[in-house]
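One structure below.
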Amino acid sequence: MSLQSNINDNPSWKRWIKFLLILTSVLLVSLAFPKYLFEDLKVNQPWNKSDVIANNDIQLSMNDIDKSNRLDAYSKSLGTIYAYESVNTEKLSRDFVGLTNADSNMIAVVKSVLDNCYLTGVYQAITGFKKVSVYKNESVKTFQKAELCSRDELFDQLRDVFSDYGYVLNARSRRSILDALNPNLIANQDIKNQLISAKQDELSKGGYTFQKGDTIIKKGDILTQSQYEILRKNSSRFSLVASGINWVSFLGYFLLITIIILVMVLYVRKYFNEVYRSNRQLSFLLIWPVIFSFLIYGIENFTSLSTYVIPFCIVPIIAKNFFEDRLALFLHIVVVLIASILSRMGYEFTFVQILAGMVTVLIVSQTRYWDRFFLAIGFILLSYVLSITGLNLATWDSAASFEWQTFAWLVVNALLLLLAYPFIPLLENIFGFTSSIKLAELADMNKPLLKELSLKAPGTLQHSLQVANLCEAAAEEIGANSLLVKTAALYHDIGKTLQPQYFIENSTGESPHIELNNNFESAKIIIGHVTEGVELAKKNRLPKVVIDFIRSHHGTTRVEYFYRNQLKQHPDKEFDESIFRYPGPLPITKEQTIMMIADSVEAASKSLKNPSGQDIDQLIDKIVAHKIDEGQLDNSRLSFQELLACVNVFKNMLRSIHHVRIEYPEDPHNKPSLNEG
């Protein structure tokens, strides 16, 4: 006996494996908690831990610390750079005096006005700034805007000077002077880029040097911005004098993560016991907190990316393909809660991610359709944008405090959600799930098994198609998985391809059961289409969920025709009644129950000759009542209300299939005569 069979036969082994899965996930997530030493850095606050020292000799360049921050600050301080250009005020003065026919003594007066403005600078238009950076003589000097002249202000000064000396400017001279007054402060981005590049070279030559054992901060000191940057970005290079790892802090994180994971496991055990019993499915749920914990750890400790770039909503998108919506949402909340503990982000992050997950569960329906999938991602992005906008507006201080860059990270987040599409079939194969994409592929009539069914048992194929339509309509009526039950219905009778002639829908002449003349053998052949169908499905690697439909679609019902035939032919002969019963099991899920009933009513309706609507209704009611009396629905999750809804769907559809017309009651008081035209 193999080790695998020992494990399968021994429930204690499964329990131990389950325990190890849970413990491993908790430990792995706990290892990704914020750096043991410096997870609670607060600038301008006292350092309340022991002294921090360098582990080894360390040379940190400015780029490693805060060069980018300083460059940003320098760039902002420059603003727009205006290059200074010299102006020949002597020539301008002579030209202006000549235009006005003024006395030559006015040249010196006009030149004085021009020099006063052009030496500091004349601008065309500068809006939105109180200070102006002027590049002159290979250096930058900052002026208050009031210290400079605008082109219009200079013209007004010249006009006033001419007026004071008794010269009135006519329209022609005013226009000519105004055209000649060109600004000598010109915005120049190239100069600004050169200045920033020079500043970058200057900063690169600077930095910090620490010898092994040097103290970067002592207990009680106020944490500066530079110290904050050093510790946050280079935490692995430093340690506390008292201890290398804060085990108390680690224990706290371990406890919190254990509680969250256990709550999820207990929830799954109570409401999704089948998932809990399957170690493979449980490991699928446990792997997500581990993956996202390490994503958080990597992005926050080794990159400059925002945590908002992580596509948390990929969890419910993928989980919805394999589980119910509420489990997908619960898993998403667990991942977000753990990420919130491990991240430096605040409550806003938790709020935004949970809200986006709720929208995902509501919006994402079928990932196999690209158009719907793209639209769903658009709604998810919109929920992110609106929630971030609302939080920013709620704490509004100024436009500068609005976190505009977050929106760029969210766009990247939305694009990364597209990875769900290739991940679904990958995870499907690894964990043995069946997604809607897989089911849609299986429903293709060109699949080998369905192709073989159409060639060897065309009557069975037509029956399967009718059953599939009935199942799909009933499932949609009660909110069950219509794609699953429709696909399963197409395959439920594939076992009939081995001996199709023994099934009435494929019979073209005298039944071979007459020649066989053995009720036991006939019953064995009829019942065998289930067991042989299961083997055929396994051989063709159909998903287990589809194989379960093949097993259960007859439950433990009896092959009535041959059973009653045996009683009639041999009334005095005792025999084992179980020989005439299908092996089961009974249907459990709503979808399995729907298919069992749909299979029976569709097959039985073929025996009706020119049925009325009442005939069909009575037939369906009789079959359903018989199933209930026989205990075939005892294990079913289908409620009585849902059963009635499905029965109504079957009645309406079979009436349509059999072309039942509306039956008009006769009027006893007004019987038409043959002569009435």
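The values are calculated or read from the model by the stated rules, or taken from the named source; none is laboratory data. Bear in mind the structure is a predicted one, so any value in this text is a computation, not a measurement. Methodologically, a virtual Cβ is constructed for each residue, glycine included, from the backbone with ideal geometry; neighbour enumeration extends over all protein chains shown. The area values use the complete protein model at the heavy-atom level, side chains included, leaving out ligands, DNA and RNA. Shrake-Rupley method; radii C 1.70, N 1.55, O 1.52, S 1.80 Å.
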Helices (runs of 4 or more DSSP H) completely within segment 247-314 that count 3 or more residues being under 13 Å from I22 (Cα atoms), in contact (Cβ under 8 Å) with a residue 24 or more places away in the chain and touching a helix residue (DSSP H, G or I) at 6+ places or on another chain (Cβ under 6 Å)
247-271, 279-302
Regarding segment 464-472, can at least one residue be identified that is touching a residue at least 60 places away in the same chain (Cβ under 8 Å), within 15 Å of I597 (Cβ to Cβ) and of a type in the set (D, E)?
no
Looking only at segment 83-128, and only at residues there that are open to solvent by less than 30 Å² (accessible area, probe 1.4 Å) and within 60 Å of the chain's Cα centre (by Cα), the one that is nearest to L195 (Cα to Cα):
A83
Could you count how many residues in segment 432-461 are buried (at least 16 other Cβ atoms within 10 Å of the Cβ), without any contact (Cβ under 8 Å) to a residue 40 or more places away in the chain and part of a loop (DSSP other than H, G, I, E, B)?
1
Quick one: in segment 173-194, which of the residues that are in contact (Cβ under 8 Å) with a residue 12 or more places away in the chain and open to solvent by 70 Å² or more (accessible area, probe 1.4 Å) is farthest from the chain's Cα centre (by Cα)?
R174
Could you give every pair whose Cβ atoms fall below 6 Å, whose first residue belongs to segment 615-643 and is without any contact (Cβ under 8 Å) to a residue 24 or more places away in the chain, and whose second residue is hydroxyl-bearing (S, T, Y) and part of a helix (DSSP H, G or I), counting only separations of at least 6 or pairs across chains?
none
Specify the residue that is most open to solvent (accessible area, probe 1.4 Å); the eligible residues are those in segment 589-630 that are among the acidic types (D, E) and not in a loop (DSSP other than H, G, I, E, B).
D629
Output the residues belonging to segment 569-622 that are at positive phi and not polar (S, T, N, Q).
G584
K131 is checked against (1) open to solvent by less than 90 Å² (accessible area, probe 1.4 Å); (2) within 29 Å of Q200 (Cα to Cα); (3) touching a strand residue (DSSP E or B) at 6+ places or on another chain (Cβ under 9 Å); (4) in contact (Cβ under 8 Å) with a residue 24 or more places away in the chain and fails just one. What number does that condition carry?
(1)
Just the residues that are of a type in the set (D, E) and outside any loop (DSSP other than H, G, I, E, B), please, taken from segment 631-647.
E642
The condition from (1) open to solvent by 80 Å² or more (accessible area, probe 1.4 Å); (2) in contact with a helix residue (DSSP H, G or I) (Cβ under 9 Å, 6 or more places away or on another chain) that K141 misses is numbered (2)
Across segment 496-510, the tally of residues that are modelled with pLDDT under 80 and either among the acidic types (D, E) or over 56 Å from the mean Cα position of the chain (by Cα) (or both) stands at 2
Whether any residue in segment 315-323 is crowded, with 21+ Cβ neighbours inside 10 Å and polar (S, T, N, Q) is what I want to check.
yes
Could you figure out which of (1) polar (S, T, N, Q); (2) at pLDDT 80 or above; (3) open to solvent by 50 Å² or more (accessible area, probe 1.4 Å) isn't true of N63?
(2)
Taking into account only those residues within segment 533-572 that are open to solvent by 60 Å² or more (accessible area, probe 1.4 Å), at pLDDT 90 or above and not polar (S, T, N, Q), which is farthest from T589 (Cα to Cα)?
K539
Kindly check whether there is at least one residue in segment 507-525 that is part of a helix (DSSP H, G or I), surrounded by 15 or more Cβ atoms within 10 Å (Cβ to Cβ) and among the β-branched types (V, I, T).
yes
